[in-house]
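Chemist: Encoded as structure tokens, here's the structure I'll be asking about.
The values are calculated or read from the model by the stated rules, or taken from the named source; none is laboratory data. Please read all numbers here as calculations on a predicted model, not as lab measurements. Here Cβ is always computed from backbone atoms with ideal geometry, including for glycine, and neighbour counts include all displayed protein chains.
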Amino acid sequence: MRGTTGDAPQPPGAVDSATTAGLRAELLIAERERLHHYVAALAGYDPHHVEDVVQETLLRAWQLGDRLDWRDRPIRMWLFRVARNLLIDGLRKDRAVPVGVTATDYPDALTIADETSQVVDRCVLVDALRALAPAHREAVVHVHLLGAAGEDVARLLGVPKGTVKSRTHHGLRRLRHELAERGVAA
């Protein structure tokens, strides 16, 4: 009496799928070392990258095992071709430019102040400040260039707060006039 598990008799010459899988695994394991040397020669001997490519190649062979001709064609050439294609795809991916990202997406990173114009602006400003009376220049520099409060400047100069306001006002008016004479819009 046959087994009660429902196994159908195998036709003569048919090979069990477990046996086929075992034979395929043995063949892939036998080719692994040669594949590893081939990939290492192409990939530049980075051991981690080489191992990744070899494993991916063997995985693809295993997954496509039913579609491959394991008897009439040598599997080694197919493995080498897949490994080579994986390496080429990796190189293409590494040098690819992301789609949709352009320099205009990062305008702040591309804006660089022109230092030469700042130097020229400073020279013009210093020259115009020299044309002011010393008391006006001192008040304008402390309040507007150094950012000090009017009360602090008054204490520093030993004058009333109103005097600092007056000197700053008249100094700025004169500074605008000097800059206008130099062709600078203030």
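Chemist: Do any residues in region 168-186 that are farther than 11 Å from residue 127 by Cβ have Cβ atoms under 8 Å from those of residues that are of a type in the set (D, E, K, R) and in a helix (DSSP H, G or I), where the two are at least six apart or on different chains, and which pairs are they?
Modeler: Going by the 8 Å Cβ cut-off, the qualifying pairs are 171/137; 186/176.
Chemist: Here are some residues: 155, 137. Which one is over 20 Å from residue 183 (Cβ atoms) and in contact with a Gly (Cβ under 7 Å, 6 or more places away or on another chain)?
Modeler: 137
Chemist: Further question on the same structure: Could you check region 49-89 and list, in sequence order, the residues that are small (Gly, Ala, Ser) and without any contact (Cβ under 8 Å) to a residue 40 or more places away in the chain?
Modeler: The first filter runs over region 49-89 and keeps only residues small (Gly, Ala, Ser), leaving 61, 65, 83.
If the condition is that a residue be small (Gly, Ala, Ser) and without any contact (Cβ under 8 Å) to a residue 40 or more places away in the chain, then 61 is the only one that fits.
Every residue, every condition in (1) modelled with pLDDT of 90 or more; (2) more than 44 Å from the chain's Cα centre (by Cα); (3) among the small types (Gly, Ala, Ser), yes or no:
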{"position": "106", "(1), (2), (3)": "no, no, no"}
{"position": "116", "(1), (2), (3)": "no, no, no"}
{"position": "120", "(1), (2), (3)": "no, no, no"}
{"position": "179", "(1), (2), (3)": "no, yes, no"}
{"position": "182", "(1), (2), (3)": "no, yes, no"}
{"position": "186", "(1), (2), (3)": "no, no, yes"}
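Chemist: I need the full set of residues from region 37-79 which are farther than 21 Å from residue 19 by Cβ and either of a type in the set (Lys, Arg) or buried (at least 18 other Cβ atoms within 10 Å of the Cβ) (or both), in order please.
Modeler: Matches in region 37-79: 38, 39, 43, 50, 53, 54, 57, 60, 76, 78, 79.
Chemist: Here's something else I'd like to know. Based on what the data block shows, is residue 57 modelled with pLDDT under 80 and hydroxyl-bearing (Ser, Thr, Tyr)?
Modeler: Answer is no for this residue.
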